[in-house]
Amino acid sequence: MALASSNTLWPSRVLIRKVKEKVVSMVVESSQSEDVRVVVSPYRICPLGAHIDHQGGSVSAMAISQGVLLGFVSSGNLKIRLLSGQFAGEVLFSIDNVPPRKFSDDSKNKNAESYEEGAWGNYARGAVLALQKRGYNLTQGIVGFLEGSKGFEGCGVSSSAAVGVAFLLALEHANGLVISPEENIELDWLIENGYLGLCNGVLDQSAILLSKRNCLTAIHCSSRKHELVYPPWYDRTEEHYKILLAFSGLQHALSSKPGYNLRVAECQEAARILLRSLNCVLYPTYLPALFEVLMQSFEIIVRQGLLHGDLAKRAKHFFTESARVCAGIDAWSSGNLEAFGKLMSQSGLSSIHNYECGCEPLVQLREILVQAPGVFGARFSGAGFRGCCVALVAAAHAEEAAEYVQESYKKAQPDLAKQLNNATAVFICDSADRAHVR
């Protein structure tokens, strides 16, 4: 049985060379592969902190040893020209005339020169606009080739944020801009919220731009502060854990379905009711967030019957998940993977019962992961509206657990399992360092 396994060598020298050669082939003037720079932008997981970043909560994250590579050179003018190893069509526009956002079903102006299928060029256009909105003068476009790890598209590991970050770093390098990771977090937030129409927080960008291998990245979304949590065995050579990613065969983009943005709106309404119950004055244009309310106040207000039904469930998830994040930071810093894993599994259950995301295949896949040998804990990856679950597993049992998950899911969901590539249906990977330019 073929099982996908990643290691700390991602991206390999062979893959880097392939991306560089693709860029060289795109450049009209002679160029050597040594002139091509490559952005390494990893995907991410969120072991604890599901669905609370958009409410200003504290979350945990790790970058993983798979992601996006963007090879590029300066175009020498204002033009941006992009090709991809995964998405069809060519992206072509000028940074002084950025076109409006494309939609995946947009068939207008579909021509060989400028149309890209799936609207993947939105991230490059959004990156240009975000930098310009913050006052940065862009005088150089890029010629680039985008290559992402196979099988991860739209599966809840923030492949979209990784692409946005990659374009930001490439444009900044080409224009001689030195921008901090913290500001790039805000810039990518502008891409996703201002240009793509999402209502998300800063978890994804923060994980991609701040993470360090073997550390847990704790992100306090309301203050935009972060900390790296080191385990006792941080600098040792032996492996204590692996990250297991299991795919269900379900995929869709967050902005194309109402589920994600609807949950955000429900959390905001719950916060509004709670704050008004505490006699807070709220202006009509103010968007309240649950982090502004104490858990003790929430419990009192629920007992009084002032918050109930679905809104009470959303708020309950926020407060209990926030507590799990705090406990998880303590568990990771002490090296207690068993305790950390139990918190992950509790998070998964709260996502199902309180936040009410997921669907039958994802719920079954999560249950299979929890039962797999050596697994400390598991939950949905991403928002739970996509098709991937993540688990933390003892390194010595990773292969055995992956095989168990793959075989068990085939029995539980044979039709969906047939849509998966056996080589990437269950993926074993490591934590990784943050995005950077090579």
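The values are calculated or read from the model by the stated rules, or taken from the named source; none is laboratory data. Being a predicted model, the structure only gives us computed values, none of them experimental. So basically every Cβ, Gly included, is an ideal-geometry build from the backbone, and we count neighbours across all protein chains shown. Only protein heavy atoms, including side chains, enter the accessible area calculation; ligands, DNA and RNA are left aside. Shrake-Rupley method; radii C 1.70, N 1.55, O 1.52, S 1.80 Å.
Do you know which of the residues in the stretch 45-69 that are open to solvent by 10 Å² or more (accessible area, probe 1.4 Å) and not charged (D, E, K, R) is nearest to I208 (Cα to Cα)? Ranking the candidates gives Q66 first.
Say we look at the stretch 328-346 and pick out the residues that are over 15 Å from C46 (Cα atoms) and either free of Cβ contacts under 8 Å to residues at least 24 places away in the same chain or β-branched (V, I, T) (or both); which of these is least open to solvent (accessible area, probe 1.4 Å)? Among them, the one singled out is A331.
Listed here are the residues, each with its yes/no results for (1) part of a helix (DSSP H, G or I); (2) of a type outside the set (K, R); (3) open to solvent by less than 30 Å² (accessible area, probe 1.4 Å); (4) touching a Lys or Arg at 6+ places or on another chain (Cβ under 6 Å).
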{"position": "S160", "(1), (2), (3), (4)": "yes, yes, yes, no"}
{"position": "A166", "(1), (2), (3), (4)": "yes, yes, yes, no"}
{"position": "A170", "(1), (2), (3), (4)": "yes, yes, yes, no"}
{"position": "L177", "(1), (2), (3), (4)": "no, yes, no, no"}
{"position": "I191", "(1), (2), (3), (4)": "yes, yes, yes, no"}
{"position": "G194", "(1), (2), (3), (4)": "yes, yes, no, no"}
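Applying the criterion of being over 24 Å from W233 (Cβ atoms) and among the polar types (S, T, N, Q) to the residues of the stretch 347-387, the residue that is modelled with the lowest pLDDT is S381.
Can you confirm whether V405 is of a type outside the set (F, W, Y), touching a residue at least 12 places away in the same chain (Cβ under 8 Å) and under 21 Å from P47 (Cβ atoms)? Yes, satisfied. Among the residues that make up the stretch 303-311, is at least one of them outside any helix (DSSP H, G or I) and in contact with a His (Cβ under 6 Å, 6 or more places away or on another chain)? Within the stretch 303-311 (the criterion being outside any helix (DSSP H, G or I) and in contact with a His (Cβ under 6 Å, 6 or more places away or on another chain)), the answer is no, since none of the residues qualifies.
Counting the residues of the stretch 70-86 that are surrounded by fewer than 24 Cβ atoms within 10 Å (Cβ to Cβ) and under 19 Å from the mean Cα position of the chain (by Cα) gives 1. Give just the number: which of (1) closer than 30 Å to A425 by Cβ; (2) more than 19 Å from the chain's Cα centre (by Cα); (3) open to solvent by 20 Å² or more (accessible area, probe 1.4 Å) does R213 not satisfy? It is condition (2) that R213 fails.
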